[in-house]
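A.B. asks: One structure is given below, represented as structure tokens, and several questions about it will come after.
Coordinate-derived values only; no laboratory data. Everything numeric here is computed off the predicted structure, so don't read it as measured data. Heads up, the Cβs are rebuilt from the backbone with ideal geometry, glycines too, and the neighbour counts pull from every protein chain shown.
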Amino acid sequence: MVQFHIHVDAQSVSAQFERHLIDHLGFWRSDFSGHPEGLEHYEPAHHLTQKTTDSMTFKTLFDRVVEHAKAPHAMKGYVEGEFIALDQDFAPRPFDASVAIPLKIQRGFLPTGQFRETEIHVTLDRDRSNPQLQGNLLEMGFYAAYLPKAYGTAAIFTAQGSRANIDSLLPVLTNYLDRAGGAVACSLKEERIATWWMSESDLSLPPIVESIQWYQAPQHRAG
């Protein structure tokens, strides 16, 4: 069953718009709670979420969000409509430091007015997962943010960009996470863009994968 997500990622939201999202459209706040100290970070100040498994509900809801987001001063930021193309869990096991980092991402930024095609998130328990594993993900070029969870704090490592680049990353990253271990409550998700809206065309967006330096040859991923 396909799951659809709608996120309002904003630098600012009006109280009226937020009340409408929560009271009438079923959104909830899912704000981030920081990032690794001293590193570049891109988490929005305001992060509101709604999910559904029905495609028509998703389309209708997205249109209603954008209709109200267009009101003067409602928000500064973007609304993204995604579907979950991949959701894979990894069983916890001891970290193997001998497993080499397979790649290095070089990041860049999209031209004005364009939006990413897809993104991947490696999510894990920040406090119970191996620190070297988390450092390795940062060294590979993923950027990270923290998010409160029922178990404590999740660290979410993200890369986004074109489908071609993300498709090439996924099998190598999956193989690395499986072999290296060290992660607790770990999942790998691909969240593919179905539709999007920006409050202004020159909005500053998170970076994308511009190129990849391979230390391990990428494998073809079916589908």
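A.B. asks: Can you give the net charge of the other residues whose Cβ lies under 14 Å from the Cβ of GLY26, counting K and R as +1 and D and E as -1?
C.D. replies: My count for the surroundings of GLY26 gives +1.
A.B. asks: Sort 192-198, 28-34 by packing, meaning the average of other beta carbons within 10 Å per residue, with the highest value first.
C.D. replies: 192-198, 28-34
A.B. asks: Taking amide H atoms as placed 1.01 Å from N in the peptide plane, list the residues 5 or more away in sequence, or in a different chain, whose amide H sits under 5 Å from that of HIS35.
C.D. replies: When sequence neighbours closer than 5 places are left aside, the close amide H contacts are TYR146.
A.B. asks: Could you compute how fast the chain diffuses translationally, taking Rh as the Kirkwood radius over C-alpha pairs and applying Stokes-Einstein at 10 °C with viscosity 1.306 mPa s? Give it in µm² per second.
C.D. replies: 87
A.B. asks: Sequence neighbours fewer than 8 away in the same chain don't count; with that in mind, list the lysines whose C-alpha is under 17 Å from LYS76.
C.D. replies: Partners within reach: none.
A.B. asks: What are the ³J(HN,Hα) couplings of region 182-196, residue after residue, when phi is run through the Karplus curve with 6.51, -1.76, 1.60 and θ = phi - 60°? Round to Hz, x for glycine and proline.
C.D. replies: x, 9, 10, 6, 9, 9, 10, 10, 10, 10, 9, 6, 9, 6, 7
A.B. asks: Find me the longest stretch of the chain that has none of the exposed GluC sites (Glu not before Pro), where exposed means in a DSSP loop (not H, G, I, E or B) with at most 13 other Cβ atoms within 10 Å.
C.D. replies: Free of exposed loop sites, the longest segment is 41-199.
A.B. asks: Under a Cβ-Cβ cut-off of 11 Å, what is the net charge of the residues other than HIS68 that fall near it, where Lys and Arg count +1 and Asp and Glu count -1?
C.D. replies: 0
A.B. asks: Taking the Cβ of ASP125 as the centre, find all other residues whose Cβ is under 15 Å away and add up their charges (Lys, Arg: +1; Asp, Glu: -1). Write down the numbers at each step before the final one.
C.D. replies: Working: positive: ARG93, ARG126, ARG128, LYS149; negative: ASP89, ASP127.
Residues near ASP125 contribute +2 overall.
A.B. asks: Something else: Per residue of the chain, what 222 nm ellipticity follows from adding -39500 (n - 2.57) for every DSSP H run with n ≥ 4, rounded to the nearest 500? If you can, show how the numbers build up before the last one.
C.D. replies: Values: 4 runs with 53 residues, N = 223.
Counting only the DSSP helices, I get -7500 deg cm²/dmol.
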